[in-house]
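> This is the structure, below, for whatever I ask next.
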Amino acid sequence: MLKCHAMMRPQISQVMKQGVNAIAGGHIAIRQSSDLPKLPAPQPVKTLKHFLDFAQALQSKKEFEETKQLVNEFVVKDMPKLQELLQKRADALPNWLTPWWLNIAYLAARTPLPVVTSPGVMFPKFDFNTEAGQLEYAAKISQAAVKFYLLAKSNQLKPDMSGKSPLDMSQYQFLFGTTRVPKIGVDEIRYGCDYKEKLQHIVVIRNGHLFRVQILDNNDQPLSVSAITQQLQKVVAESQTPNPHPVGIVSSDGRDKWANVYTTLKKDNQNAKSLEAVEKALFVVCLDKASEPPLGYTEKDEQSRQALHGGGSKVNSCNRWFDKTIQFVIGTNGYTGMTYEHTPAEGPPVGALMDYICDQFDANAFIDNGSSSSSDVQRLDISTNEEVNKRIAKSSKNMDRTAEDLDIVAFTFKPYGKNFPKSSKISPDSYIQMAYQLAFYRIHSSLPPTYETATLRKFTEGRTENIRSPNTAAATFVKKMVSKPPSPVSDIYDALIHATNSHKKYTVDCMNASGMDRHLLAWKLIASENNLPTPEIFGSNIYQQLNHFQVSTSQVPTRHFIQMCFGPSSLDCYGICYNPQETELHFMISTFKSYGSTSSKKFAKELQKALIDMKSVINKATKEMSKL
Ligand code: COA
């Protein structure tokens, strides 16, 4: 039986440093093939053309001549054999990329899950600010989520589409009952859909104590809201004081450290039973204590901190289990959200789950027949020794440092939404990406290698490609926008249209398996797997530069006001998750304070300015053109 898979933003460079041999083979088997096409091997000519275009945008003339030389040598010396091997792999597997990607982007990465790998997601503010409200909303969110689980399990969800193309829906099956198990070197992913037995419980964490709570009855029907609430009340009664040894905090630390602790814990029979109950829980619900935004930050910013990391060990970070795919985090003040472990799925299926839960609230569609729960809440005790307790203390400090270091702000651009670029016949996504380029350039006087997630779900088991920026068209646009003396407005407008069209064209390429990044990665991995010399191109400065992302972005659109967020993929990077709506644009922007030269608020300010200036260029140019 084959197993399921994953993807995401770049932990890749970190794993590459560990050496590709460790991860290239992987232990990932493939689950099922759908009716969707197999991912084809990309065409070398297209990939190398893109490589040159992206390189030229960042290089001087002299450097670019050297890059051309490097590419020419690669084409003659290494490429034919590597492409032949890749073609064989593409013929043999339902998806040549996904098993590799699952390991590289996730399971082999040894870095902590929060705050870069595991995104936070935020619900709109709900209407409660008491503990009773917290339990009612926790019960309702849990029931709605479990209804969604049943729909996904029985393949009743309407297929997602990209235009007229249906998308692979397997990620929805992987969201529930799934856990990433820490292992030395490479973690293991255990999917809920692989268990033969029925999964009928969730785990609730409060004050760092864990409890098993029944959520489905023996007929696989969701328990009523009152039955769930009663169980949550028992959880509250049994968790009045903080757990002195909240071992879940170690799941926020480096993966090898957690793997060592996990192995030690599992040696004890009672612990093994508790951990198994966590692994097999459909999802986790964290009943959090109240938290306040740090000085200078808004309630919305604080909500994102709770969803991403829990605010540090003194606040709610000890009330988490970061290995679980889904953790709903529910405060006492109406702010709720989710921390999600990224291995099994991309943002859009998670966004769809959150949208569904909001729909259930809008329609008040909860099952509540007043029935009481017949099952007992079960405390999941985990006993620790001195060594583990020391690790808990160290992991708490590490989490506190990260929470303190992350500068994350919610920014909503209100003057217009995607309606404006659409009315100007420009792709909103491409338009927003150009605004990032301009905002960054105005702050740092250079162009940032930029990551943007593109879905590959048109293909069976598809995950993602990178719609990389800037290319030469984007570079020209930005330089014209900032040039002194100013370029004529018609020139800037032409450059903007060319840059956005070029970005859109590359987006379409990426979504149709003709992107550059994963193809280069494939050549590198396949050389390593076959003990071939690493081609020179992969040791070049330009390859290193292209893979050091200074802006890391993902678009996650939702119908309700739901925002996703994540940390920057490296110290000097901006992490931006965005949700363009028709009349306004929502951004979550993150940076690390310790870098010193980046600032989330400053970027938000420059982004606002860039978006206003770009509209002004379009308006002026179209006015001029209308006079002709
Ligand atoms: N003129 C007028 N309208 C246009 C246009 C143009 N030139 N180009 C696009 N539009 C319209 C589209 O028809 C669409 O209309 P809609 O709002 O009615 O649906 C809208 O503008 C948005 O299109 P666009 O901005 O081009 O982007 P997209 O919605 O196609 O999304 C990606 C682009 C890359 C984000 C998307 O394809 C993708 O891959 N998403 C998945 C990303 C992901 O996995 N993220 C999570 C990672 S954790």
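> Got at least one residue in segment 355-372 being out of contact with any Ser or Thr (no Cβ under 8 Å at 6 or more places or on another chain), open to solvent by less than 50 Å² (accessible area, probe 1.4 Å), within 16 Å of the ligand (Cβ to nearest atom) and farther than 30 Å from Thr98 by Cβ?
For segment 355-372, residues out of contact with any Ser or Thr (no Cβ under 8 Å at 6 or more places or on another chain), open to solvent by less than 50 Å² (accessible area, probe 1.4 Å), within 16 Å of the ligand (Cβ to nearest atom) and farther than 30 Å from Thr98 by Cβ: absent.
> Which of the residues spanning segment 549-585 are crowded, with 24+ Cβ neighbours inside 10 Å, away from the ligand (no atom under 11 Å from the Cβ), aromatic (Phe, Trp, Tyr) and in a loop (DSSP other than H, G, I, E, B)?
Residue satisfying the conditions is Phe549 alone.
> Now a separate question. For segment 165-191, name all the residues that are among the basic types (Lys, Arg) and either outside the structural domain of Trp258 (by TED's automatic domain parsing) or open to solvent by less than 10 Å² (accessible area, probe 1.4 Å) (or both).
Arg180 - this is the single residue of segment 165-191 that is among the basic types (Lys, Arg) and either outside the structural domain of Trp258 (by TED's automatic domain parsing) or open to solvent by less than 10 Å² (accessible area, probe 1.4 Å) (or both).
> Regarding Ile426, is this residue outside any helix (DSSP H, G or I), in contact with a Cys (Cβ under 8 Å, 6 or more places away or on another chain) and in contact (Cβ under 8 Å) with a residue 40 or more places away in the chain?
No, not satisfied.
> Still on this structure, I have one more. Being in contact with a Cys (Cβ under 9 Å, 6 or more places away or on another chain) and either at pLDDT 95 or above or not hydrophobic (A, V, I, L, M, F, W, C) (or both): is that true of Gly310 here?
yes
> Moving on to the next point. Run Pro486 past the list (1) at pLDDT 95 or above; (2) surrounded by fewer than 24 Cβ atoms within 10 Å (Cβ to Cβ) and report the number of the one that doesn't hold.
That leaves (1) as the condition not met.
> Right, another one. So which residues in segment 373-416 are outside any loop (DSSP other than H, G, I, E, B), open to solvent by 20 Å² or more (accessible area, probe 1.4 Å) and acidic (Asp, Glu), if there are any at all?
Residues satisfying the conditions are Glu386, Glu387, Asp400, Glu404, Asp405.
> From the list Phe148, Phe74, pick out the single residue that is crowded, with 19+ Cβ neighbours inside 10 Å and either in contact with a Phe, Trp or Tyr (Cβ under 7 Å, 6 or more places away or on another chain) or within 29 Å of Phe361 (Cα to Cα) (or both).
Working: Phe74 fails: either in contact with a Phe, Trp or Tyr (Cβ under 7 Å, 6 or more places away or on another chain) or within 29 Å of Phe361 (Cα to Cα) (or both).
Being crowded, with 19+ Cβ neighbours inside 10 Å and either in contact with a Phe, Trp or Tyr (Cβ under 7 Å, 6 or more places away or on another chain) or within 29 Å of Phe361 (Cα to Cα) (or both) holds for just one of Phe148, Phe74, which is Phe148.
> Is it the case that segment 308-321 has a residue that's closer than 18 Å to Glu188 by Cα and under 19 Å from the mean Cα position of the chain (by Cα)?
Checked against the condition, which is being closer than 18 Å to Glu188 by Cα and under 19 Å from the mean Cα position of the chain (by Cα), segment 308-321 yields at least one hit.
> With the requirement that a residue be in contact (Cβ under 8 Å) with a residue 60 or more places away in the chain, part of a helix (DSSP H, G or I) and out of contact with any Phe, Trp or Tyr (no Cβ under 9 Å at 6 or more places or on another chain), what does segment 436-459 give you?
Arg442, His444
> Further, regarding this structure: Restricting to segment 585-615, what's the tally of residues that are farther than 18 Å from Asp301 by Cα and either free of Cβ contacts under 8 Å to residues at least 12 places away in the same chain or not polar (S, T, N, Q) (or both)?
Qualifying residue count, segment 585-615: 10.
> Quick check on segment 336-343. Is at least one of its residues hydrophobic (A, V, I, L, M, F, W, C) and in a strand (DSSP E or B)?
The answer is yes, given that some residue of segment 336-343 is hydrophobic (A, V, I, L, M, F, W, C) and in a strand (DSSP E or B).
The values are calculated or read from the model by the stated rules, or taken from the named source; none is laboratory data. Please read these numbers as outputs of a predicted model, since none were measured by experiment. Note that each Cβ is placed from the backbone with ideal geometry, even for glycine, and that neighbours are counted across all protein chains shown. Just the protein is used for accessible areas: all its heavy atoms, side chains included, with ligands, DNA and RNA removed. Shrake-Rupley method; radii C 1.70, N 1.55, O 1.52, S 1.80 Å.
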